[in-house]
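Read-outs throughout are calculated quantities, based only on the coordinates presented, and are distinct from any laboratory measurement. Just so you know, these numbers come straight off a predicted model, no measurement behind them. No Cβ is skipped: glycine too gets one built from the backbone with ideal geometry, and neighbour counts run over all protein chains shown.
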Amino acid sequence: MEEEGLNNMMKYEIPEWSLISHHTCQNDCIKVYESEKVKLKMLKNVTKISLTMDLRNSGNQKMEYMVLTGNWINGNLRMNRRVLNFVHLPPPRTSVAIVDSISKCLIEQEIENKM
């Protein structure tokens with residue numbers, strides 16, 4: 001966020017752009033994360049949830065991670081989807097490590113009996 005080239009480009013495209021520190025950006029991201037985490041507490045009211053899991057790697061950074069997504073239909077028959085967890089999952093990605101990571105997420109969200 002403090003890179004001069006980035007800020008010059010942003011100022012060119014968005015005249016009202018103002019420089020922010022990486023601390024401000026980090027704090028804002030944490031606030032959004034905490035806010036979204038509170039919203040996920042509503043999953044306690046959902047009857048059934050389907051899970052989707054995706055294993056990825058970041059290519060040049062050699063980081064491997066797992067994204068766990070919950071899918072459910074609400075009372076208005078509308079499909080809903082939320083990322084439940086995004087975790088670093090280093091190799092070897094064994095089935096035990098994957099199941100353990102999913103299980104921890106479901107217990108943390110208190111939805112382990114809704115699959």
query: Which ones in region 39-72 are over 20 Å from residue 104 (Cα atoms) and either part of a strand (DSSP E or B) or polar (S, T, N, Q) (or both)?
result: 57, 58, 60, 61
field: Matching residues, region 65-115, being closer than 14 Å to residue 44 by Cα, surrounded by 16 or more Cβ atoms within 10 Å (Cβ to Cβ) and among the β-branched types (Val, Ile, Thr)
entry: 111
From 75, 5, residue being assigned to a loop (DSSP other than H, G, I, E, B) and among the small types (Gly, Ala, Ser): 75
